[in-house]
Amino acid sequence: MSSSVPVPGRRTSVSASDPPNFIPIPTNTRGIPATSFGAQSPPASTAAAGLSGSFSTSPSMSSHVRAGSGSVGSVFHGMARQLTAFLPVTYPLEEEPEKRQGKTKVLLLENINLDAAQFLKDQGFEVDHVTKAWSEEELISKLSHYQAIGIRSKTKITQKVIDANPQLLVIGCFCIGTNQVDLEHAARRGIAVFNSPYANSRSVAELVISEIIALSRQIVDRTHEMRAGIWNKISKNCWEIRGKTLGIVGYGHIGSQLSVLAESFGMQVIYYDVIPIMPLGTARQVDSLDDLLSKADFVTLHVPEIPDTINMIGEAQFNQMKTGSFFINNARGKVVDLPALAQALESKHLAGAAVDVFPKEPGSNGPGFNETLGDFIPRLRNCANLIMTPHIGGSTEEAQRAIGSEVSNALYRYLTYGTSLGSVNFPEVDLRAITTNDERHIRVCHVHRNEPGVLKQINNILADHNIEKQFSDSKGDIAYLMADISGVGQEEVEGIYNGIKNTRANILTRLLCE
């Protein structure tokens, strides 16, 4: 099947009217060339349909051969069986045909969208779906069975986890942020990391709008009073948002969408960002954070968690805000000093606030949002006109389906074709797909240290074959080469593999074929 032939039952966009169990595949929010999706063929067999909490059985799929420095013996055990997974069907084999197929196991944690799990299963991966986050100890002890892992914000992929799992090939962050992963160490180990930076931006922007209105009308307090049997119809300190000034800190994908929505409500928008950004509508960029804080009636944060933003809002910044103003944080928990926020609310300097993210968060739903996460939690729970939500900024059906589609596609393309477009820690490399007409083709995916002479070494190893296409790029100390070679005999594959993975700069070598 060529890449130009539409796949039955698939759509190219996400629609709110799609049924819950339908995942639109593939989405292309980043403008990835159509050639990178490649020709797709159905799996060798079909497992029982239907979704459940665990996908422990699946059809098999073409696997991979990985060589990381220092792990040669364990990888090469059973080399012949694994390598046949990459040889075309027309190759003569002494083994049974089913031995062409290997298995790639994917672990999805934190209740990742089931459509994403089903999509990966449909591509032939063996998928285990878990609703909770795993601790570092659990990841070290249990992750060794998987070549790929999907996480959200609670699971931490640390250096210890990465070092304990040399078989890991790729990490999918089914969210915007990637600070829960040691990105640099993952790259040094040849592990690509993907995320979804845009798919939930609308959901977060809409939540902020709802919080602005709820805070300005004290809706949460009136709701609590009504539940307690108290009728308290008042208008004092309740405001329309029309004509008020919204200050947006971080004018990226979420901040700019929020800007447009706020203006449609009649708000004036100012924003601060560390780089000059062209405004949408009549929004205006200010020169400093202090300038924004002193002018805004509502301040909302939309920044990543990096060293420069940790504790960027504390006592001094709250004091600069106007008396009676409102504060919203749906970005990252560590960018705000929450004890200082509690003080600003208790003193009535701020009229209200909304907090969706916290420095420490429970690992699963249920009890646990208490002083064990910080002694400021009980103080916040007693503050008037404070909205606290359990990190639900991107938790809508539309956002989770879109995120699931984007990240599961990224995992599929990387595992199956070696495509690293969209990776946050890796050189972005792609080649047009090997088609079913390309017999005796092998794709080399070689992650290596960015050192002089590597391409010369690789090309010398491949010199007896025709290099159909080749692309290499680097990012910092890591480089990634993809090369398609033709005229490869079955007896030559092991020699090519050994030659490349034994080069001095090798981090990871994989050989792939349709």
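Restricting to the range 118-139, what's the tally of residues that are open to solvent by 10 Å² or more (accessible area, probe 1.4 Å), outside any strand (DSSP E or B) and within 23 Å of ASN365 (Cα to Cα)?
Summing the residues that are open to solvent by 10 Å² or more (accessible area, probe 1.4 Å), outside any strand (DSSP E or B) and within 23 Å of ASN365 (Cα to Cα) in the range 118-139 gives 9.
What are the residue pairs meeting all of these: first residue in the range 449-462, first residue over 14 Å from ILE478 (Cα atoms), second residue in a helix (DSSP H, G or I), Cβ atoms under 8 Å, and 6 or more apart or on different chains?
From the range 449-462, the pairs are ILE458/ILE500; ILE461/ILE496; ILE461/GLY499; ILE461/ILE500; LEU462/ILE496.
Only one of (1) crowded, with 19+ Cβ neighbours inside 10 Å; (2) touching a residue at least 40 places away in the same chain (Cβ under 8 Å); (3) among the hydrophobic types (A, V, I, L, M, F, W, C) fails for ILE171. Which number is that?
(2)
Please state which one of LEU345, LEU338, LEU280, LEU292 is out of contact with any Leu (no Cβ under 8 Å at 6 or more places or on another chain) and surrounded by 18 or more Cβ atoms within 10 Å (Cβ to Cβ).
LEU292
Checking the condition closer than 26 Å to MET267 by Cα, modelled with pLDDT of 95 or more and in a loop (DSSP other than H, G, I, E, B), which residue from VAL299, VAL357 passes? Break it down into steps so the answer makes sense when it comes.
Numbers: VAL299 fails: in a loop (DSSP other than H, G, I, E, B).
The conditions single out VAL357.
So which residues in the range 302-311 are surrounded by fewer than 19 Cβ atoms within 10 Å (Cβ to Cβ) and at pLDDT 95 or above?
Matches in the range 302-311: ILE310, ASN311.
Looking at (1) open to solvent by 70 Å² or more (accessible area, probe 1.4 Å); (2) touching a strand residue (DSSP E or B) at 6+ places or on another chain (Cβ under 7 Å), which is the only condition LYS360 fails?
With respect to (1) open to solvent by 70 Å² or more (accessible area, probe 1.4 Å); (2) touching a strand residue (DSSP E or B) at 6+ places or on another chain (Cβ under 7 Å), LYS360 is out only on (2).
State whether the residues of the range 440-447 include one that is open to solvent by less than 60 Å² (accessible area, probe 1.4 Å), under 21 Å from GLN167 (Cα atoms) and touching a Ser or Thr at 6+ places or on another chain (Cβ under 6 Å). Break it down stepwise before answering.
The first filter runs over the range 440-447 and keeps only residues open to solvent by less than 60 Å² (accessible area, probe 1.4 Å), leaving 441-447.
Narrowing the set further to residues that are under 21 Å from GLN167 (Cα atoms) leaves 443-447.
So of that shortlist, the ones also touching a Ser or Thr at 6+ places or on another chain (Cβ under 6 Å) come out as 446.
Yes, the range 440-447 contains at least one residue that is open to solvent by less than 60 Å² (accessible area, probe 1.4 Å), under 21 Å from GLN167 (Cα atoms) and touching a Ser or Thr at 6+ places or on another chain (Cβ under 6 Å).
Just a yes or no: is a residue in the range 422-430 open to solvent by 10 Å² or more (accessible area, probe 1.4 Å) and either within 30 Å of ALA340 (Cβ to Cβ) or more than 16 Å from the chain's Cα centre (by Cα) (or both)?
yes
For residues in the range 479-513 being touching a Pro at 6+ places or on another chain (Cβ under 7 Å) and touching a residue at least 60 places away in the same chain (Cβ under 8 Å), which is nearest to TYR412 (Cα to Cα)? Walk me through it before giving the result.
Start the filter on the range 479-513 by keeping residues that are touching a Pro at 6+ places or on another chain (Cβ under 7 Å), which leaves 479-480, 513.
With touching a residue at least 60 places away in the same chain (Cβ under 8 Å) added as a condition, the list becomes 480, 513.
Numbers: TYR480: 18, CYS513: 14 Å.
Among residues in the range 479-513 that are touching a Pro at 6+ places or on another chain (Cβ under 7 Å) and touching a residue at least 60 places away in the same chain (Cβ under 8 Å), the one nearest to TYR412 (Cα to Cα) is CYS513.
Would you tally the residues in the range 140-158 being of a type in the set (S, T, N, Q) and either open to solvent by less than 40 Å² (accessible area, probe 1.4 Å) or under 19 Å from ASN195 (Cβ atoms) (or both)?
Here is the first cut: in the range 140-158, the residues of a type in the set (S, T, N, Q) are 141, 144, 147, 153, 155, 158.
From the residues that got through so far, the ones that are either open to solvent by less than 40 Å² (accessible area, probe 1.4 Å) or under 19 Å from ASN195 (Cβ atoms) (or both) too are 147, 153, 155, 158.
Residues flagged as of a type in the set (S, T, N, Q) and either open to solvent by less than 40 Å² (accessible area, probe 1.4 Å) or under 19 Å from ASN195 (Cβ atoms) (or both) within the range 140-158 amount to 4.
From the list GLY324, GLY314, exactly one residue is among the small types (Gly, Ala, Ser) and in contact with an Asp or Glu (Cβ under 7 Å, 6 or more places away or on another chain). Which is it?
One residue alone meets the criteria, GLY314.
Considering every residue within the range 223-235, establish whether at least one is aliphatic (A, V, I, L, M) and crowded, with 18+ Cβ neighbours inside 10 Å. Before you say what the answer is, go through the steps one by one.
Kept after step one, since they are aliphatic (A, V, I, L, M), are these residues of the range 223-235: 226, 228, 230, 234.
Subsequent filtering for residues that are crowded, with 18+ Cβ neighbours inside 10 Å retains none.
No, the conditions are met nowhere in the range 223-235.
The values are calculated or read from the model by the stated rules, or taken from the named source; none is laboratory data. A quick note: this is a predicted structure, and the numbers were derived from the prediction, not measured. Neighbour counts run over all protein chains shown; Cβ positions are idealised from the backbone, glycine included. Calculation scope for accessible area: heavy atoms of the full protein, side chains included, ligands and nucleic acids excluded. Shrake-Rupley method; radii C 1.70, N 1.55, O 1.52, S 1.80 Å.
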